[in-house]
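One structure is given here, and the rest of the page talks about it.
The values are calculated or read from the model by the stated rules, or taken from the named source; none is laboratory data. Small disclaimer: the values here were computed from a predicted structure and weren't measured. Note that we place each Cβ from the backbone using ideal geometry, even for glycine, and neighbour counts take in every protein chain shown.
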Amino acid sequence: MGLFSRKNHFDVDGRTVIITGGSQGMGRGSQRFHAISADVTKAEENTRLLEEVTQWNDGQPPDIVWANAGSSHPTLFIDTPLDTLRSQMEINYWAATYLAHATLYLWLKPTTSSSKPEHTGTAAAKPRHFIMTGSVACFVGLAGYAPYSPAKSALRSLADTLRSELNLYNGYRRGHPEQGPAADVKIHCVVPGGIKSPGLEHENQIKHPVTKVLEEGDPTQTEDEVAVAAVKGLESGGYLITTQFLGSAMRAGTLGGSPRNNWFVDTVFAWVVNVAWLFIGPDMEGKVFKYGKTNEVQLPS
């Protein structure tokens, strides 16, 4: 996006949107109309979800799909049953992956008269958006998040990869307007921090004390605050979208090969954060070491 772009890049007026995981958290803060029950950890359920929405929408596929379902089980790695490690990957990575696969397969089909969204020309068609909800946990590894962080890190990597791959199909559409997909497809990854919800209350009941030490003072947001910040980032044309300042700082320091939302701000912010991490990193490592040195730690029996 441009340095000072004011264009709305996420126009939802008159469009059909799917949001999974709408019972609590950010999904509940975004939810509007029709509810469908589905187990999104199963590939076939994601396909059914899309088929049902398409039928409900008079044969037109949804314009925006938001893979928002997820949950966190913050416990120490060796204390976590293998079944829980697997289920955390299923809900936090595979659910979004299944939905992305089914959605993109539907959206990237060759153009037909019934699949064309409203537009006056190939370039003028409103883009379709596939959005994944990640977490700031993908930026920094914290003691106590081993069941959760790897799944969200994988999700961020998937978003980076799909964003690159979709250039292939979007480009083909420009060169073959009668054969290419009906509209461009854009990928986004929203990465909130702590959200005040029943899920967070449950997490705090099972977190190891050292995790609470590391998160002491971290800001939390209401469901609506996160939803508003996420949509604002989408409207600004953002790709990897944070919802509060701490998350933005974490993002700036770990962008790597991920696209920049704003090349100037992100570059300057990254310089500042990388210097700050010379002090923050050792401090966080020291807190974990100090906790182990001064408290009882349960070892495997």
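Each row is one residue, and each column tells you yes or no for (1) part of a helix (DSSP H, G or I); (2) in contact (Cβ under 8 Å) with a residue 60 or more places away in the chain.
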position	(1), (2)
Val265	yes, no
Val273	yes, no
Met284	yes, yes
Gln298	no, yes
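Which residue is modelled with the lowest pLDDT, if the candidates are limited to region 259-301 and must be among the acidic types (Asp, Glu) and more than 30 Å from Lys186 (Cβ to Cβ)? Only one residue tops the list, namely Glu296. Exactly one residue among Val210, Val268 is over 18 Å from the mean Cα position of the chain (by Cα), over 16 Å from Ala143 (Cα atoms) and not polar (S, T, N, Q), and that residue is Val268. Can you confirm whether Asp218 is modelled with pLDDT of 90 or more, surrounded by fewer than 17 Cβ atoms within 10 Å (Cβ to Cβ) and touching a helix residue (DSSP H, G or I) at 6+ places or on another chain (Cβ under 7 Å)? Criteria met by Asp218. Here Ile195 fulfils each of the conditions (1) in contact (Cβ under 8 Å) with a residue 40 or more places away in the chain; (2) of a type in the set (A, V, I, L, M, F, W, C); (3) buried (at least 18 other Cβ atoms within 10 Å of the Cβ); (4) not in a strand (DSSP E or B) apart from (4). Of Val226, Val231, Val213, all but one fail to be crowded, with 20+ Cβ neighbours inside 10 Å and in contact (Cβ under 8 Å) with a residue 12 or more places away in the chain; the exception is Val226. Asn170 fulfils the conditions (1) crowded, with 21+ Cβ neighbours inside 10 Å; (2) within 24 Å of Leu255 (Cβ to Cβ); (3) modelled with pLDDT under 95 except for a single criterion, (1). Yes or no: region 78-100 includes at least one residue that is farther than 27 Å from Ile241 by Cα, at pLDDT 95 or above and among the aliphatic types (A, V, I, L, M). Yes, the conditions are met somewhere in region 78-100.
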